[in-house]
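Just so it is clear, none of the values below were taken in a lab; they were calculated from the coordinates. The structure presented is a predicted model; accordingly, all values stated were derived computationally and were not measured. Note: ideal-geometry Cβ built from the backbone for every residue, glycine included; neighbour counts use all protein chains shown.
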Amino acid sequence: MKSFLTTILFSLFTTSLFATEVVDYVNPLVGSMSKKLLSTGNTYPAVALPWGMNFWTPQTGEMGDGWTYVYTADKIRGFKQTHQPSPWINDYGQFSLMPVIGYKIGQEERASWFSHKAEVATPYYYSVYLADHDITTELTPTERSAAFRFTFPESDSSYIVIDAFDNGSYIKVIPEKNTVIGYTTKNSGGVTPDFKNYFVIEFDTPFASSDVWSDSKVVTGKKELEANHVGAIIGFKTRRGQTVQAKVSSSFISFDQAWLNLKELGDGNFERIKKSGRDRWNDILSRIQVEGGSTDQYRTFYSCFYRSVLFPRKFYEINAQGEPVHYSPYKGGVKKGFLYTDTGFWDTFRALFPFLNLMYPSVNEEIQAGLANAYKESGFLPEWASPGHRFCMVGNNSASVVADAFLKGIGVEYSETLYDALLAATDKVHPDVPSTGRWGADYYNKLGYVPYDVKIPENVARTLEYAYDDWCIMQMAKKLGRPEKEIELFRNRSLNYKNVFDKSHNLMRGKNQDGSFQTPFNPYKWGDAFTEGNSWHYTWSVFHDVQGLIDLMGGKKTFVQMLDSVFVVPPIYDDSYYGFCIHEIKEMQIMNMGNYAHGNQPIQHMLYLYNYAGEPWKAQYWIREVMDRMYTAAPDGYCGDEDNGQTSAWYVFSAMGFYPVCPGTDQYVIGTPLFKKMTVTLENGKKIVLNAPDVTKENRYIKRIKVNGKEYTPTWFSYSRLKQGAVIDYEMSNVPNKKRGIDKKDFPYSLSNEK
């Protein structure tokens, strides 16, 4: 009877799941309860289409504040078109609309109190009641445009304030066409001097009045204005409940292109556009259907999934001939072809791009074409683009992004150009943006590491990432049939991680030009030789040769002890390099998981490394701990910066039960599944069905695996197998199976194991 009732209840529960469309589980507010001193995501509610060129968000912060929307704020200042990938990178191409009652222009006087209880936030639609004005604002986007609907009270003083922001802007009111046009040049870098974001706003209601303003002061007698900070205020006489609708679009190319982009909205029917956006999100998110979890788990999963398909965003537009064109943030002017932007490869090479390669290869095909264009226009591949090259983070991880795609059959058409771009970066650095190319390449190529004492910060982090990037180049070179001498060069360089390994501590450590290690050495010291982490975090950044790292440590037993130690040592730290406790440190400290710092990217793959040393059950334990303890669907739902989909993609992959430890291989390392069933529909129409009917919080250990009905002993799955479709059956248990995954033949790839 108990078994029968359980079956009935489970059936009812899963029926309830599919009675709700998957997009309804997404909470765009996850991660928005953040501040400079403590990040729980550092996100904002991005109202957009997947990979859309323009996002929209309510604006609680002051103009120019990277924390554009904070959950704990009380007031909204406007509804902003945004292209911000991160508060640390800030925004560009930004302007806003704000409905008001009364002639209120400045961002403080026009601001209105609001409550989350009167707020609806979804990926495709946003609505909020502005209490001080008795106005409800709604918006719904397309890729390059958006429809607004403002519901006013009865008033002769109903207005909409259009703010083109400071640092150079233009506005023009065309009353006879119920239209306002303008441009904004406000940016945070990564653009050329001709940068502009041109916008057009077309209202469905005649203007009762219209003025332009500069620095929040009306300029009488004019309908057109160009200055540091301009805008417009449009008046309407409204009945209670009357709606004023606006069609809004923009372009980085021209006003003509902005008008062309406006055609995405068609007749402007708000409900039709809203439904189209909802359908688009359901299509993208329903590629992974989950069953047999709690409602909170569904919400967390699909909220992470939503964040995994926002960035990088499209930066191209479609011209009158139907061709993709883009403004070049690298060279200026208009160029043909695709371009994507707003992503930092230091973060996203790890899981976000592998996720695209598995789930949305057609999207990454366009991204690879865009990378080829970026190289042609600037002489470099981007490492952090927003919209052009930005000085941020370390590594040359465009090599990973390019190679992993190419080796999976994506971007093959551009492979020669992209390989040339990879080679070009191995011996030079961008003259203006040291984080693009390879800072310290001369030292690295000569000594095999970037020295600690040559005033190049984060030198060990650079060395480790360059070594992995060289392995990626080697893999691509082999597939392209490049000369053996060239292949061997990069193979040898990929072993450079050994040069910064200190056997006396079994940790990575800064090394001086003369070959001596830095002294004194504190493995708990953040920054300095490392990037937003310490030696405990970065020692594991040998993605391509974990066996080589195991050998350096003296074998599997010591290696596992070192992995265990990350969780055993207390969350102590040395912040002397920064001079204060940076938020990444605080986020590690409060998670009560020793020195494990999941809130930042360098260590996120570490949990899976137990598989390489024959103790995969420990990976299964800790992966489930992180999923259960560090992710929720609440406004404080992340344990650190979400970072353009990387921290989210980690969760999505891990919920599947596997993870791409080393992009550039054909392998995903097995962890532990989260749901009783998951159905993954690939772009080629094939399905991966993941069954784990016995999984619970306690039953996190894998007893056995069958693939297509056959016993499967490796601790990894191959991309080539998965893309053909597969049925994977996990048999789960509440006790570890210490006999599975202990044979070397079942371990994942390591360079040192190649013959």
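Considering only 371, 173, 473, and ranking their Cα positions along the charge dipole of the chain that arises from unit charges at the beta-carbon of Lys, Arg, Asp and Glu, the one farthest toward the positive end is 473.
Based on every Cα atom in the range 309-442, Rg and the maximum pairwise Cα distance Dmax equal 13.8, 47 Å.
Separation of the alpha carbons by more than 32 angstrom is noted, of 35/525; 697/739; 557/677; 223/336, for 557/677; 223/336. Here's how it looks for residue 436: its modeled amide H is under 5 Å from those of 430, which are all 5 or more places away or on a different chain. Put a plus charge on the Cβ of each Lys and Arg, a minus charge on the Cβ of each Asp and Glu, and nothing anywhere else: the dipole of the chain about its Cα centre is then about 1760 debye. Size of the range 174-253: Rg and Dmax of its alpha carbons, in Å, are 14.5, 47. Please say if the range 85-139 is rounded, prolate or oblate, where rounded means a/c under 1.5 for a ≥ b ≥ c the square roots of the C-alpha gyration tensor eigenvalues, and otherwise the choice is prolate for a/b larger than b/c and oblate otherwise? Oblate shape, in that a/c is at least 1.5 and b/c is the bigger or equal ratio. Angle check, please: helix 646-656 long axis (alpha carbons) against the longest principal axis of the chain (alpha carbons), in degrees 0 to 90, nearest 10. Rounded to the nearest ten degrees, it is 60. To test your reading of the geometry: what angle, between 0 and 90 degrees and rounded to tens, separates the Cα axis of helix 616-630 from the longest principal axis of the chain? Once rounded, the angle reads 20 degrees.
Taking a ≥ b ≥ c as the square roots of the eigenvalues of the Cα gyration tensor of the chain, is the shape rounded (a/c under 1.5), prolate (a/b larger than b/c) or oblate?
Numbers: a/c = 1.88, a/b = 1.46, b/c = 1.29.
Prolate, because a/c is 1.5 or more and a/b exceeds b/c.
Within the range 333-366, name every residue whose backbone N is under 19 Å away from a label modeled 7 Å from Cα of residue 256 along the Cβ vector. Counting backbone N atoms under 19 Å from the label point, the list is 333-337. Using all pairs of distinct alpha-carbon atoms, the Kirkwood hydrodynamic radius of the range 643-739 works out to 13.8 angstrom.
Note: relative contact order over the chain, using C-alpha pairs below 8 Å and six or more positions apart, is 12 percent.
Each of 354, 233, 324 was scored by the projection of its Cα onto the charge dipole of the range 230-355, and the greatest displacement toward the positive side belongs to 233; charges sit on the C-beta of Lys, Arg, Asp and Glu.
With a ≥ b ≥ c taken as the square roots of the eigenvalues of the C-alpha gyration tensor of the range 489-569, please select rounded if a/c is under 1.5 and otherwise prolate if a/b is larger than b/c or oblate if it is not?
oblate
In this Cβ point-charge picture (+1 for Lys and Arg, -1 for Asp and Glu), the range 584-725 has a dipole of about 860 debye about its Cα centre. Report the trypsin sites (Lys or Arg not before Pro) located in the range 126-231 that are in a DSSP loop and have at most 16 other Cβ atoms inside 10 Å of their Cβ, or state none. The qualifying sites are 222, 223.
Within the range 612-692, the GluC sites (Glu not before Pro) that combine a DSSP coil assignment with at most 13 other C-beta atoms in a 10 angstrom radius are 683.
Calculated mean residue ellipticity at 222 nm for the chain: -8500 deg cm²/dmol, from DSSP H runs with n ≥ 4 weighted as -39500 (n - 2.57), summed, divided by the residue count and rounded to 500. Only alpha carbons enter this Debye calculation for the range 553-611, each as an equal point scatterer, and the log10 of I(q)/I(0) it gives at q = 0.13 Å⁻¹ is -0.38. Would you mind checking the tilt of helix 398-407 against the longest principal axis of the Cα atoms of the chain, expressed as 0 to 90 degrees and rounded to 10? Between the helix axis and the principal axis of the chain, the angle is about 70 degrees. With contacts taken as Cα pairs under 8 Å and at least 6 residues apart, the range 169-234 reaches a relative contact order of 39 percent.
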